[in-house]
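Everything below concerns the one structure shown next.
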Amino acid sequence: MEKKIRPISSDEYDDLIRLWGDCGLPYRPQGRDSFESMKKEFERMETIFLVMYDGARMIGSIIGTSDGRKGWINRLAIHPEYRGRRLAGELIAQCEEHLHEMGVRVLACLVEEWNTPSLSAFKNAGYRIHDDILYCSKRSSDED
């Protein structure tokens, strides 16, 4: 395997969306996952979008953000054909390193209960799974 991890560029958007689809991650093309919205995120200093390639094929992604108080890891994805090789842990580690360099000391992620590959990856990376926390959100639309 010819593996490489690096920040994403906006011309890789279609590959990223395809990867998320292959991984079963939901996609909101009219809202926060639109090209226009994500292009702005690619350029934010508080955000890191990393992608993993095997040669020319995108096989993984992760997003790290900081709200100034806590770092958040989102959209961890490893193509199903590449799972079980601890590649997710490598993405997590690089994302953590970036957030730590920004001065972030507390890192968190939200993982849907059905997403056992991500739960396993975060548990293996040393994250504590809390089953007593409820997630609340308020959205401007169903696409956000």
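Every number here is computed from the coordinates shown, using simple stated rules; none is lab data. What you see is a predicted model, and the numbers here were worked out from it, not measured in a lab. With ideal geometry, Cβ positions are generated from the backbone for all residues, glycine too; neighbour counts draw on all protein chains shown.
In the chain, which longest range has no trypsin sites (Lys or Arg not before Pro) that are both DSSP loop (not H, G, I, E or B) and surrounded by at most 15 other Cβ atoms within 10 Å?
Answer - 1-31.
Tell me what the chain gives for mean residue ellipticity at 222 nm when only DSSP H runs of n ≥ 4 count, each as -39,500 (n - 2.57), the sum divided by the residue total, rounded to 500 deg cm²/dmol.
-8500 deg cm²/dmol
Ignoring solvent entirely, what values of log10 I(q)/I(0) come out of the Debye formula for the chain at 0.09, 0.11, 0.14 Å⁻¹ when each Cα is a single scatterer?
Debye intensities relative to I(0), on a log10 scale: -0.26, -0.40, -0.67.
Of all GluC sites (Glu not before Pro) in the stretch 22-113, which ones are in loop regions per DSSP and have a Cβ with at most 12 other Cβ atoms within 10 Å?
Glu43, Glu112, Glu113
On a C-alpha basis, how far is the centre of the stretch 16-53 from the centre of the stretch 54-117 in Å? Whole number, if you could?
13 Å
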